[in-house]
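See structure below.
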Amino acid sequence: MTAEFVLSELQSVGSPEKAAHLSRFFKTGPGQYGEGDRFLGVVVPQTRNIAKANKAMPLDELQRLLDSPWHEARLCALLVLVYRFQDKKTTADEREKMYRFYLKNTRRCNNWDLVDLSCRDIVGEYLVNRDRSVLYELAASDNLWEQRISIVCTWAFIRRSDFTDTLALAERLMAHKHDLMHKAVGWMLREVGKRDRDTLTDFLERYATQLPRTALRYAIEHYPEDRRQYFLKMK
C-alpha cells in the first residue's frame with residue numbers, strides 16, 4: 001500500500017466540477033484561509049472508503065500523502081490514522097506513535113475539515129487520561145489550524161463530561177480575530193451545553209459580553225428562544 005496507489009484511487013473518482021466547487025467552498029483564493037490548496041474533486045464518503053481499504057499503510061507512506069498538495073490526499077492520510085487508532089487491535093505503543101506523528105504534522109492539517117475530522121479521535125482520545133499541556137501550547141501557536149486543533153480536541157473530553165479544558169481554552173481563544181476560531185469555540189461550548197446546560201450557562205453569564213457574536217450564536221443554539229435573546233442582548 002503506497003501513497004502513489006492511494007493518490008491514483010483518489011484521482012479515479014475525482015471530478016473537475018466537484019474540484020471547482022470545493023475550491024470555492026474551502027476558500028482557496030488569494031488572501032483566503034485556504035489559499036493555494038488544490039482539490040481532486042473527491043467527496044468525503046469516497047475518501048473514507050479509500051482510507052478504510054488502505055488502513056495498513058505505513059507511516060512513511062502516510063507522510064507522503066500528508067505532504068501532497070492535494071487536499072483529499074491529506075484528508076485520506078488523516079482518516080487512515082483515525083481508523084487505525086480506533087482499531088481494537090492497535091497497541092498502546094502504536095497509538096502513541098500515531099499521536100506523535102499527528103503532532104509532527106499539525107500544519108499539514110491545513111483546513112478546518114482536516115482538523116475537525118481527525119484531531120478529536122487521535123489527539124483528544126490519546127490525552128483523555130494524560131497531561132494536556134500540549135493543547136495550551138497549540139492554542140498559543142501563531143498557526144490558525146493548530147489553534148483550532150487545541151479546542152476541537154477537547155470534544156473527546158466533553159463526551160466524558162469533562163469540561164475543564166474546553167472552558168479554559170474557550171476563555172483563552174475567545175478574543176481570536178478569525179471567524180473559524182469563533183465557530184470552533186462556539187461549537188465546543190454548545191457541545192458542553194448538550195451535556196450540562198448549567199455549566200454552559202454559568203460560563204455565558206461571565207463571558208457572553210466578551211464572546212464574538214458568531215461564537216455566542218453557536219453556543220446558545222439549543223437554548224429556548226427567550227434564553228437565546230437574553231444572552232444576545234447582553235452583547
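The values are calculated or read from the model by the stated rules, or taken from the named source; none is laboratory data. Here the structure is a predicted model, which means the values were calculated and not measured. No Cβ is skipped: glycine too gets one built from the backbone with ideal geometry, and neighbour counts run over all protein chains shown. Remember, those area values only see protein heavy atoms, side chains included, never the ligands or the DNA or RNA. Shrake-Rupley method; radii C 1.70, N 1.55, O 1.52, S 1.80 Å.
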Discussion item. Can you tell me which residue is nearest to Tyr83 (Cα to Cα) among those in the range 19-50 that are touching a residue at least 40 places away in the same chain (Cβ under 8 Å) and among the aliphatic types (A, V, I, L, M)?
Written reply: Ile50
Practice prompt. Could you list, in sequence order, all residues of the range 184-235 that are touching a Lys or Arg at 6+ places or on another chain (Cβ under 9 Å), assigned to a helix (DSSP H, G or I) and either under 19 Å from Cys119 (Cβ atoms) or open to solvent by 70 Å² or more (accessible area, probe 1.4 Å) (or both)?
Written response: Ala184, Gly186, Glu191, Arg195, Arg213, Ala215, Arg217, Tyr218
Worksheet item: Looking at Ile149, is it within 22 Å of Phe26 (Cβ to Cβ) and touching a Ser or Thr at 6+ places or on another chain (Cβ under 7 Å)?
Response: yes
Worksheet item: Does His176 count as out of contact with any Cys (no Cβ under 6 Å at 6 or more places or on another chain), open to solvent by less than 50 Å² (accessible area, probe 1.4 Å) and assigned to a loop (DSSP other than H, G, I, E, B)?
Response: yes
Fill in: Matching residues in the range 89-128 - criterion: being aliphatic (A, V, I, L, M) and crowded, with 16+ Cβ neighbours inside 10 Å
Met98, Leu103, Leu114, Val115, Leu117, Ile122, Val123, Leu127
Item to complete: Would you mind stating whether Val134 is more than 17 Å from Ile158 (Cβ to Cβ), among the β-branched types (Val, Ile, Thr) and surrounded by 17 or more Cβ atoms within 10 Å (Cβ to Cβ)?
Response: yes
Worksheet item: Which helices (runs of 4 or more DSSP H) sit wholly inside the range 4-88 and have at least 1 residues that are in contact with a strand residue (DSSP E or B) (Cβ under 9 Å, 6 or more places away or on another chain) and open to solvent by 20 Å² or more (accessible area, probe 1.4 Å)?
Response: 16-25
